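*Asks:* Please read through the structure below; I'll follow up with questions.
The values are calculated or read from the model by the stated rules, or taken from the named source; none is laboratory data. Predicted model, so just to flag it, every value in this text is computed and none were measured. Here Cβ is always computed from backbone atoms with ideal geometry, including for glycine, and neighbour counts include all displayed protein chains.
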Amino acid sequence: MVITQIIDEDFVNYKVPSMYIGFPKCDFKCEKECGLRVCQNNMLVKSPQLEIDDVKIIDRYMNNPITEAIVIAGLEPFDTYDQLSTFIKRFREKCDDDIVIYTGYYESEIKEQLEELKKYKNIIVKFGRYIPNKKSHFDSILGVDLASDNQYAMRIS
């Protein structure tokens, strides 16, 4: 599996301690739509890509008594959907803890992928592009503030 970063204990992106996994690709749709350089994950484009076996990541998670969920985020997990799907399948073989996927896509843009992911338990997706100058708001599902009021999380399974 190719990633840009892994944080064993993240307390920022979900309401419980989580392992954070950064995925390696994005087409920067947020920036294209607003015409500005606004991506908070821009620096990850220049980060070295790490090749780590899914099993090793899952073992790291399983052996950490602090973490209670996995957060998969930026760049854009759905831009490497095969990798995302494979990881979730393997993770579900070991554990039913929440998997939170941060995406800049809207539900309507990834219907097929969401339908496939519904077969797994405890999948939460944060939808929506970052739009500058929108109000931030608290998302009760994630338990965190989101940067734009068009962004929201939904438990899909």
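*Asks:* If I go through the stretch 89-106 residue by residue, how many of them are within 16 Å of residue 128 (Cβ to Cβ), buried (at least 18 other Cβ atoms within 10 Å of the Cβ) and not aliphatic (A, V, I, L, M)?
*Replies:* Of the stretch 89-106, the ones within 16 Å of residue 128 (Cβ to Cβ) are 100-106.
Retained after the next criterion (residues that are buried (at least 18 other Cβ atoms within 10 Å of the Cβ)): 100-105.
Keeping just the survivors that are not aliphatic (A, V, I, L, M) gives 102-105.
The total comes to 4.
*Asks:* Can you find, within the stretch 145-157, the residue that is nearest to residue 114 (Cα to Cα) among those that are crowded, with 17+ Cβ neighbours inside 10 Å and under 14 Å from the mean Cα position of the chain (by Cα)?
*Replies:* Among those residues, the one meeting the criterion is 153.
*Asks:* Under 8 Å by Cβ, and 6 or more places apart or on different chains, what pairs join a residue from the stretch 36-56 that is among the β-branched types (Val, Ile, Thr) with one that is part of a loop (DSSP other than H, G, I, E, B) and at pLDDT 70 or above?
*Replies:* Every condition considered, the pairs that remain are 38/130; 38/132; 45/26; 45/75; 52/1.
*Asks:* Can you confirm whether residue 86 is surrounded by 12 or more Cβ atoms within 10 Å (Cβ to Cβ) and in contact with a Pro (Cβ under 7 Å, 6 or more places away or on another chain)?
*Replies:* Details: surrounded by 12 or more Cβ atoms within 10 Å (Cβ to Cβ): yes; in contact with a Pro (Cβ under 7 Å, 6 or more places away or on another chain): no.
No.
*Asks:* Which condition breaks for residue 74 when tested against (1) out of contact with any Pro (no Cβ under 6 Å at 6 or more places or on another chain); (2) modelled with pLDDT of 95 or more?
*Replies:* (2)
*Asks:* Being more than 21 Å from residue 155 (Cβ to Cβ), modelled with pLDDT of 95 or more and more than 12 Å from the chain's Cα centre (by Cα) is the requirement here; does residue 9 meet it?
*Replies:* Here the answer is yes, as residue 9 does meet what is asked.
*Asks:* Given the conditions (1) out of contact with any Asp or Glu (no Cβ under 8 Å at 6 or more places or on another chain); (2) free of Cβ contacts under 8 Å to residues at least 60 places away in the same chain, report the number of the one that residue 60 does not fulfil.
*Replies:* (1)
*Asks:* Please go through the stretch 99-132 and give me each residue that is in contact with a helix residue (DSSP H, G or I) (Cβ under 9 Å, 6 or more places away or on another chain) and without any contact (Cβ under 8 Å) to a residue 12 or more places away in the chain, ordered by number.
*Replies:* 109
*Asks:* Just to verify a result, which residue in the stretch 72-91, among those that are among the aliphatic types (A, V, I, L, M) and farther than 12 Å from residue 123 by Cβ, is farthest from the chain's Cα centre (by Cα)? Show your work before the answer.
*Replies:* From the stretch 72-91, those among the aliphatic types (A, V, I, L, M) are 72-73, 75, 84, 88; that's our starting set.
Now restrict to residues that are farther than 12 Å from residue 123 by Cβ: 73, 75.
Details: 73: 3, 75: 8 Å.
Among those residues, the one meeting the criterion is 75.
*Asks:* Of the residues that sit in the stretch 107-144 and are within 14 Å of the chain's Cα centre (by Cα) and at positive phi, which one is surrounded by the fewest Cβ atoms within 10 Å (Cβ to Cβ)?
*Replies:* Among them, the one singled out is 122.
*Asks:* Against the definition (of a type in the set (Asp, Glu), at pLDDT 95 or above and surrounded by 15 or more Cβ atoms within 10 Å (Cβ to Cβ)), how does residue 59 come out, yes or no? It would help to see each step written out before you state the result.
*Replies:* Working: of a type in the set (Asp, Glu): yes; at pLDDT 95 or above: yes; surrounded by 15 or more Cβ atoms within 10 Å (Cβ to Cβ): no.
Against the criterion (of a type in the set (Asp, Glu), at pLDDT 95 or above and surrounded by 15 or more Cβ atoms within 10 Å (Cβ to Cβ)), residue 59 does not qualify.
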